[in-house]
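To start, the structure under review is shown below, and the notes come after it.
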Amino acid sequence: MTDSKKKWQEFFGTLPSLLWLTVFFVIPTFIVLKFAFHAKSPDGGVAPGLTLETWRTISNPNYPEIIWRTVWISAVTTLICVLLSLPCAYCIARMQKKWRAFVAGLIMLPFWTSFIVRVFAWRTLLNPEGFLQQVLIWLGFADQNTMLNYNAGAVLLVSVYSFLPFAIMPIYTAAEKFDFSLLEAARDLGARSFFAFRKIFLPGVKRGVISAILMVFIPAIGSYVIPDLVGGTDELIGNKIYQRTFGDRNWPHASALATLTAFSVLIPLGCVAWWMKRQDEKEARRLAEATARRLSGGTA
Amino acid sequence: MANEFLVFDHVTKRFGALTAVNDVSFSVNKGEFFSLLGPSGCGKTTLLRMLGGFERPDSGRIYLNGKDITDDPPNMRRVHTVFQNYALFPTMTVWDNIAFSLRIAKKPKEEIEEDVDQILEMIRMTDHAWKYPSQLSGGQKQRVAIARALVDRPQVLLLDEPLAALDLKLRQHMLLELDAIHDQVGITFMYVTHDQGEAMSLSDRIAVMNGGKVEQLDKPTQIYEAPRSSFVAAFIGDTNFFDGEIVSTEGDYCTINVYGFAQISAYNDKKLSVGQKVHLSVRPEKIRVTLAPPPPEKGAGINVFQCTVSDIIYQGVYTKYWVKSSDRSISALRPHSRFLLDQESITWNDKAYCWWHPDDGYMVENFSEEDASLIHPSPPAQKPKGE
Ligand SMILES: Nc1ncnc2c1ncn2[C@@H]1O[C@H](COP(=O)(O)OP(=O)(O)O)[C@@H](O)[C@H]1O
Ligand SMILES: [Mg+2]
C-alpha cells in the first residue's frame, strides 16, 4: 500500500521533467526523423507521403568523409579540453577558498561576450596580418605565406577555446569534493606526485571527466559557426545541415543528415558503454570469485 | 649515538608569526613505542608532518638511521603514516589499498600476494579483502590503514591520533590491538595523542609537548610520578600544588611553609636549602581522607591536617573527595579495593583528616599559574539533602 503510494509520488515528482523532455526533446527528435522519409515540397516544407528518395540522394561519398572529419575534430577537441582541464581544475580546487570562486568566475567571464563575436575575434587574430601570425613570424615559427586561418587546425583551436570552460567546470566541481589528503597518503606510501595524480586523483574525479566529455563532445559534433567562420573548405556536418535547412530549404535532406550523424555517433558510443559495463561486471565477478576462493581457503 | 635511530636536532617550524614547533631536539630508539603527548595545538601534528616530509623545518635537521632526511620528499622516506581520517583510497578494495606501496616498489606478484594475505590475517580482515572502504566500519578502516602503512615494513610508523574518531569501547580494544601489533612487527612507532591514558598505556617513552616545546621526555612512570613542570603534573592526571618556601631541612627531608596554608614536610630530592621557593605536587590518590586520625604506625613525620569534606563523587572503582583545610581545597582519591559497605562512610560536611607521607610529594622545577587551571576544578559546593 505505502509502497505503491511511494511509487506514485515518485512518478508525480518526475512528471514535470518527463513532460518537458517529451515535448521539447523526444517529439522534435521523432519529427526530424520522420521528415527524412518525406519528399521536399516546392514551398520549402515537406510533402505528404513517405519516400526513401532523400536517403538515395545523400548516399554520396562526400558525406561520410565530412561526418568522419566532424567526429575526429570533436574527439580531438574533447581530448585536448579534458587534458587541459584536469590540471586546471586541480589547481583551482587546491586554492584557498576565497580565491576559488574568483578564478571560477574568470573562467566563465568570456560568456559575457557573444559567442559569434568571440569567434570573429579569433578570425582577426588568425589573419595573415593578425597579431598571432606576426608573433609567430617574429619568433621564427612562421612566414608570410603561412595560413593559420581557414583550415581544420583553426577549427580545432577555436573549438578548444570555446568549449574549454564546459570541460573545466564539471571537473572542477568534482575536484572540489575530492579529499586531497588522499594524495598525501599516496605520496606517503611511496608514490611520485604524477603517479598519485593519475592513480588517485583521476579516478576520484571520474564522474566530472565523464560529464566534461559529454559537455564538449556533443556540442562539438553539432557546431557550425566555428567551421563556417574559420574553417574554410574544411566544413563540418553542421555546416551541411545548416546549408540544407536555410540555404536550400530542403528539410528532408537536412533531417536525413542529422539522423545519420546522430547514429554514427550513438552507435560507437553505445558499443563503448556496453563494453565498459561488461568490464565492470567482469571485475565484480572476479572480486566475488576471489572472495569465495579466499574464504574457502581460510576455512579449509 | 648507537641507539639514536631517529633524531630531531633543533627543529623549528613557523607558520607566519606562529611558532608551531620551537627548537625541539630529541631522539627515538629503534623499535621503540614513542608517544608525543600534549594538548591540541601544541605542535604534535606539525612535528609528525615534518618527519613524514609534508612540511619542511625552518631550521634544524632530522636524521633517520644515520641519514639526514630533512630535505627528502615524502615518497623517498621509509616512513609511513596512519592518518587520523584513515585516508583509505575509496576507489580501491581493501586488498588493493594494502598492496599500494608494494606495487609502487615493483615487488614480484607472488611476493605482493603473500605479504598482503599475511598482513590481512594479522589484522583479521581476510574475509573483507574485496570490500571497498565505504563498506567498512570505523574499527575496520582503522586496521586497514595500519596494515597499509605497515605492509612494506617502514623504518618508522607514524600514527596521528589514530583512535580519536572511534567510540570508547572500540578505542580500548584498538589500544590492545596496537600494542600487540607493535610487539609483533617490531617497527618503531611514533604515536601522537592528546589522551594521556592512551600514551601512558602504550608507550615505552613519552615526550610531553606544550606550546611547541618538549617539556619532558621520560618513561610513563617517570612522567607521572616525577613531573618536571607544573604543566606535566597537571596535564597528566590530576594533582594538588602547594607552593611555598623551605624553612628547615633535616637529612633527606625538609619542611615547607606553604603560603596561606600550613607547614608540610616533603622529601628533598632536589637538595634544596633553606629559603628556596618550591612547588610541590601531590597526586590525589596519595592523599588519604579518614574520619579518625591516621594510626601511629604510619609514622611520626607524615603530614596530617584537619579538614571538612566539601564534595564527594562516587565512581565505583574509586571515590573522589574535595576537602577544605585552612581555606584550601585539596582533592583526594580513594580506590576501593575492599567491599565498600563494610568501611566507614564519609559524607558531606564531615570533620575529617587528610594525610599523606612526605615521600609522596614531588617538587616540580618549573611552575606557572596557568597550569594550575588545568587541574580538574572542584565542583560547586552542594548542599547535602535533608539539611
Ligand atoms: N598549515 C598551517 N598553516 C598555519 N598554521 C598552522 C598550519 N598547521 C598548523 N598550524 C598551527 O600550528 C599550531 C600547531 O598545530 P598542530 O601541529 O596541528 O597541533 P596539534 O597536532 O598538537 O594539535 C596550531 O596553532 C595550528 O593552528
Ligand atoms: Mg593534531
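The values are calculated or read from the model by the stated rules, or taken from the named source; none is laboratory data. None of these values were measured; they are calculated from a predicted model. Cβ coordinates were reconstructed from backbone atoms using ideal geometry, including for glycine residues, and neighbour counts include every protein chain displayed. Accessible surface is based on the protein model in full, side chains and every heavy atom, while ligands, DNA and RNA are left aside. Shrake-Rupley method; radii C 1.70, N 1.55, O 1.52, S 1.80 Å.
Observations on the structure shown:
- Convex hull (Cα only) mean projected area of the protein assembly as shown, reported in nm² to one decimal: 51.7 nm²
- B:122, A:108, reordered so the largest accessible area comes first (probe 1.4 Å): A:108, B:122
- Looking at the protein assembly as shown alone, DSSP beta bridges between its own residues are antiparallel in about 75 percent of cases.
- Per-residue mean of foreign Cβ neighbours for B:79-88 is 4 (Cβ atoms of other chains, 10 Å radius).
- Computed over the stretch B:6-225: relative contact order in percent, which uses C-alpha pairs under 8 Å that are six or more apart: 30 percent
- For the stretch A:36-288, with all protein chains in place and a probe radius of 1.4 Å, 68% of the accessible heavy-atom surface sits on carbon or sulfur.
- C-alpha center-to-center spacing [the stretch A:10-36, the stretch A:186-262] in angstrom: 23 Å
- Pairs from A:282/B:107; B:213/B:324; A:177/B:141; B:298/B:351; B:44/B:271 whose Cα-Cα separation, in the structure shown, is over 29 Å: B:213/B:324; B:44/B:271
- For chain B, accessible area per residue (1.4 Å probe, heavy atoms of protein chains only), Å²: 47 Å²
- Cα centroid of the stretch B:245-291 to Cα centroid of the stretch B:109-124, whole Å: 58 Å
- Coarse-grained scattering of chain B at q = 0.10, 0.11, 0.13 Å⁻¹, given as base-10 log I(q)/I(0) from a Debye sum over alpha-carbon atoms: -0.78, -0.89, -1.08
- The accessible area of residue A:215, taken with all protein chains in place and a 1.4 Å probe, comes to roughly 90 Å².
- Antiparallel DSSP beta bridges within chain B, as percent of all bridges there, nearest 5: 75 percent
- FRET E, pair residue B:29, residue B:180, Förster distance 22 Å, beta-carbon r, rounded to 0.05: 0.65
- Using a probe of 1.4 angstrom and keeping all protein chains present, the accessible surface of the stretch A:1-132 works out to 71 square angstrom per residue.
- Minimum 10 Å² accessible area buried by the other protein chains, the stretch A:158-179 residues, probe 1.4 Å, relative to alone: A:179
- Taking chain A as a Gaussian network of alpha-carbon nodes connected by springs under 10 Å, the highest mean-square fluctuation of the residues A:250, A:60, A:239 belongs to A:60.
- Nearby aspartates and glutamates by direct alpha-carbon distance to residue B:169 (threshold 19 angstrom, same-chain neighbours under 8 apart not counted): B:161, B:177, B:179, B:195, B:198
- Relative contact order (%) - the stretch A:109-159, alpha-carbon pairs under 8 angstrom, separation at least six: 30 percent
- Given R0 = 56 Å, the distance between the Cβ atoms of residue B:118 and residue B:369 translates into a calculated FRET efficiency of 0.55.
- Relative contact order [Cα under 8 Å, 6+ residues apart], chain A, whole percent: 25 percent
- The 1.4 Å probe gives accessible areas that order A:207, B:56, A:56, largest first, as A:207, A:56, B:56.
- Interface burial in the stretch B:127-171 reaches 40 Å² or more for B:127, B:130, comparing the full protein assembly with the chain by itself; accessible area from heavy atoms with a 1.4 Å probe.
- Accessible surface of residue B:348, taken over heavy atoms with a 1.4 Å probe and every protein chain present, rounds to 90 Å².
- Highest-MSF residue in chain B out of B:57, B:296, B:90 [GNM, Cα springs under 10 Å]: B:296
- Accessible area buried, both sides summed, chains B and A with 1.4 Å probe, Å²: 2200 Å²
- Between the helical axis of B:94-104 and the longest alpha-carbon principal axis of chain B there is an angle of about 70 degrees.
- Highest to lowest packing among B:106-113, B:142-149, A:189-196, B:35-42, scored as the average C-beta count within 10 Å: B:142-149, B:35-42, A:189-196, B:106-113
- Carbon and sulfur %, accessible surface of chain B computed with the full protein complex present, 1.4 Å: 50 percent
- For chain B, the longest principal axis of the C-alpha atoms and the axis of helix B:138-150 are separated by about 60°.
- The stretch B:41-55 versus the stretch A:63-108: alpha-carbon centroid distance in Å: 37 Å
- The heavy atoms of residue A:289 offer some 110 square angstrom of accessible surface to a 1.4 angstrom probe.
- Per-residue ellipticity at 222 nm computed for the protein assembly as shown from its helices equals -14000 deg cm²/dmol, with DSSP H segments shorter than 4 residues left out and the rest contributing -39,500 (n - 2.57).
- By DSSP, the beta bridges lying fully in the stretch B:105-241 are antiparallel in about 50 percent of cases.
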